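Structure, as structure tokens:
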Amino acid sequence: MDHNWIAIGHIDDIPLRGARCVKTPDGKIAVFRTAENEVFAIEDQCPHKGGPLSQGIVHGKAVTCPLHNFVISLESGKALGADEGEVRTIPVRNIDGQLSIAYQAAALVAAE
Ligand code: FES
């Protein structure tokens, strides 16, 4: 399937081991930057009780939910350890630091 690539800003807009939240018509997407400068995008909604994963702590290629400490893989979107659940992952493109996410819908408003 072809992707629509939607520009979401520069990698330097995201703090190291941090995230920013992008609003889409389908909900919020959390875009993470790891300590190794890799970028991942997943739904900004914890599979446990909907906590804002973009406000969680990034470690390695995972994020810990700020509410009840579920650990979610940024690569697979799956809860790690004994916890169960999964969030959607979204492809990210990084061209010279300019980030885009793949999305079906045309309208997209970046959260400031
Ligand atoms: S809402 Fe994320 S761990 Fe409970």
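What follows draws every value from the coordinates through simple rules; no lab data is involved. These numbers come from a predicted model, not from an experiment. Note that we place each Cβ from the backbone using ideal geometry, even for glycine, and neighbour counts take in every protein chain shown.
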Exercise for the section: Work out how far the C-alpha atoms of region 4-103 reach from end to end along every principal axis, then list the three figures in whole Å, largest first. Expected result: 37, 29, 18
Fill in the blank from the handout: Once amide hydrogens are built 1.01 Å from N within the peptide plane, the residues lying 5 or more places from residue 70 or on another chain with amide H under 5 Å from its amide H are 65
Completion exercise
The answer for residue 9, listing residues at least 5 apart or on another chain whose modeled amide H is closer than 5 Å to its amide H, is 99
Problem - region 58-69 - phi-based ³J(HN,Hα) in whole Hz, Karplus 6.51/-1.76/1.60, Gly and Pro as x - result: 8, 9, x, 10, 8, 10, 9, 4, x, 8, 10, 6
Handout entry: Local electrostatic count, residue 26, Cβ distance below 15 Å [Lys/Arg +1, Asp/Glu -1]
Key = +1
Exercise for the section: List the residues whose amide H sits under 5 Å from the amide H of residue 60, counting only those 5 or more places along or on another chain, with H placed 1.01 Å from N in the peptide plane. Expected result: 35
Practice task
Convert each backbone phi in region 72-86 into a coupling constant with the Karplus relation 6.51 cos²θ - 1.76 cosθ + 1.60 (shift: θ = phi - 60°), then list the ³J(HN,Hα) values in order as whole Hz, x for Gly and Pro.
Solution key: 10, 5, 6, 7, 9, x, 8, 5, 9, x, 7, 7, 10, x, 7
Exercise for the section: Work out from phi, with θ = phi - 60° and the Karplus expression 6.51 cos²θ - 1.76 cosθ + 1.60, the ³J(HN,Hα) of each residue of region 32-45, listed in order in whole Hz, and give x for Gly and Pro. Expected result: 10, 10, 8, 4, 8, 6, 8, 10, 9, 10, 9, 4, 8, 8
Problem - Estimated inter-spin distance, residue 21 and residue 3, nm [label 7 Å along Cα→Cβ] - result: 2.3 nm
